[in-house]
Amino acid sequence: MRFLLPLLMIISLLSCNESSELEKQLSGCDSLEINFNESGTNRIMKTVTTTEKNAIKKLIHFVNGNPSTANQCNYDGNLMFHRDGKLIGDFSFNYTGDSCRYFIQEQKGSLLSSKMSNEAVTFLKSLAEGNSWY
């Protein structure tokens, strides 16, 4: 019985999630701009902006996905996170190609890529189609 308490404490400590470096970088962002490109080009066809905290948190969660390798694909758009009018993070994304579903960001001279979840794909498709649910 006396081993149970220390074991529970260890499990509790291990289950605590520390914020990732990316989450720390983007914390406190107060606005988000999402640009959607014309298919196969870098021309912006639609821009969605929001100051809705739930939407910003959801997108921060999405871009903080599992690391992946980025294939040579066109970008469907980009996410620009702002804090007090200053650009904090700029992520390009692709969600239309089956083998090209990822977010990518340049950081310290390197391209960092994270896998896009099915939920993120659905979310971005919905916004591109004109829906505004978060």
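The values are calculated or read from the model by the stated rules, or taken from the named source; none is laboratory data. Just so it is clear, the model here is predicted, and its values are computed rather than measured. Quick reminder, even Gly has a Cβ in these numbers, built from the backbone with ideal geometry, and neighbours come from all protein chains shown. Side chains included, ligands, DNA and RNA excluded: accessible areas come from the protein's heavy atoms. Shrake-Rupley method; radii C 1.70, N 1.55, O 1.52, S 1.80 Å.
Structure above, values below:
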| item | result |
| --- | --- |
| Surface per residue (accessible, 1.4 Å probe) for segment 36-134, Å² | 60 Å² |
| Ranked by how many other beta carbons lie within 10 Å on average, peptides 49-56, 22-29 from highest | 22-29, 49-56 |
| Global geometry of segment 55-134, whether rounded, prolate or oblate, following the gyration tensor of its Cα atoms and the 1.5 cut on a/c | oblate |
| Near-label residues of segment 113-134 by backbone N, under 15 Å of a point 7 Å along Cα→Cβ of K57 | 134 |
| Heavy-atom accessible surface of segment 76-134: percent carbon and sulfur, 1.4 Å | 46 percent |
| Difference of contour (0.36 nm per residue) and Cα-Cα distance, I44 to S99 | 17.6 nm |
